[in-house]
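Worksheet for the structure shown next.
The values are calculated or read from the model by the stated rules, or taken from the named source; none is laboratory data. In this text the structure is predicted, and so the values were computed from the model without any measurement. Glycine also receives a Cβ, built like all others from the backbone with ideal geometry; neighbour counts cover every protein chain displayed. Just so you know, the surface numbers come from the protein's heavy atoms only, side chains and all, with ligands and any DNA or RNA stripped out. Shrake-Rupley method; radii C 1.70, N 1.55, O 1.52, S 1.80 Å.
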Amino acid sequence: MEQQIKKYESFNDLPADSQVLFDLGEKTSFDLSKDWFLLLEATVIRQTKEICIFTFKKEDTFLGIWPTLLLKRNKLGLKEIYSFTCFYSSLYQPLISPNLTTDNLTDCLKNISSITQADILRFDIMDPTQPSFGCHEQALRKIGFKTDRFFCWGNWYLPVNNQTFSIYLQSLPSRVRNTLSRRKKKFLADGRGKLEIITTHDQLSTAINAWKKIYDASWKIPEPYPEFIPSLIRLCAAKGWLRLGIAYYDEEPIAAQLWIVSHDRAAIYKLAYDEKFANLSPGTILTAYLMQHAIDVDKVHEIDYLTGDDAYKKDWMSHRRERFGLIAYNPKSFWGLACMAKHIAGKIRKKILQSAK
């Protein structure tokens, strides 16, 4: 049976029949779609890193795609194969067909490490409950790499379970409900406050300008890649994913939230508000407005706050899961062995410091 591993340097170069695996990935999360990877490549990754996309094909059928980056960590030759992620990413996993066997996966990872001469293989922000996580861990060990898991962040989410927004609202802490009721009344008084959700290309340029204005007036640091968010908004509009909520006060945009709704799942991707209007709690009001739309109009089965254990997320979400990374060292290479020793020493040191407290 013919088996073939190939390496590509751009998602634009991938054969059309590879799309089936991206379609499977997109059902799990928007940031496993080909459009997402293309967006990252165009606006962020291409400027700073070397792209390595590995594919595995057997009898003319794509069984695996590994979107990765090649990082050369120092002038002495340390090479690390890294997941195709950055600070804009919330989830990653190789795009694997259910028909890919463990033996096939082991051979694929062996070939990838041989082609790249990698000292380290590292996959960030994965779901450890997914079968592909454990399968990659086992396969890496089979080819002789030493593996370890590491915590990335907590992920708060809400299984909707077919409830209406009004029922969901009653499940929130009384403090949140009372704050929402008071602030919403004040916000809407005398017609001064207005809320809208943009879902299509209509008035998109005006909405993007409003987003930029709000973001610039917020507490957040400037975007290092200023074209990424506007491009993401346009992509989401084109795919029907866009839920861009904007709060206005006296016709001035004061808060905005970018939600992405795909395959019955709403992801709360980015939010900001003008600090001058913090007393109105526009973020709280806008969150409730978008929540109602996602539950009652989009009828999603899950709402996801994506990254981090920020305290306010517990007010809106009911469940928490964790994202982990998987790192593997090649003990047959000098740098692989050296980095593995450093990693182990760091873990030992951390345990000693924790036990000393």
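Overview of results
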item	result
For the chain: accessible area per residue (Å², 1.4 Å)	48 Å²
FRET efficiency, 1/(1 + (r/R0)^6) with R0 30 Å, evaluated for E9 and E322 via beta carbons	0.35
Folded to 0 to 90 degrees: helix 334-356 orientation relative to the chain principal axis, Cα	50 degrees
Directionally averaged shadow of the chain, computed from the convex hull of its alpha-carbon atoms, nm²	20.8 nm²
0 to 90° range, to nearest 10: angle between helix 34-43 axis and the chain longest Cα axis	90 degrees
In sequence order, calculated HN-Hα J values of the stretch 79-95 (Karplus, 6.51, -1.76, 1.60; Hz; x Gly/Pro)	10, 10, 8, 10, 4, 6, 9, 8, 5, 7, 8, 10, 7, 9, 7, x, 8
Spacing of the two label points (7 Å from each Cα toward its C-beta) at Y248 and H263, in nm	3.6 nm
Per-pair calculated FRET efficiency, R0 = 35 Å: Q117 and D202 via Cβ, rounded to 0.05	0.10
Amide H contacts under 5 Å for L271, placed H, 5+ residues apart	L258
Carbon plus sulfur fraction of accessible area for the stretch 264-357, probe 1.4 Å, in percent	56 percent
Rounded to 10°, Cα long-axis angle of helix 228-239 versus longest principal axis of the chain	80 degrees
Net lengthening on full extension, K27/K213 (0.36 nm per residue, minus Cα-Cα)	63.7 nm
Phi to ³J(HN,Hα) by Karplus 6.51 cos²θ - 1.76 cosθ + 1.60 over the stretch 154-161, Hz, x for Gly, Pro	x, 9, 8, 8, 10, x, 6, 6
Simple label model, 7 Å out from Cα along Cβ direction - I167 to A16, nm	4.5 nm
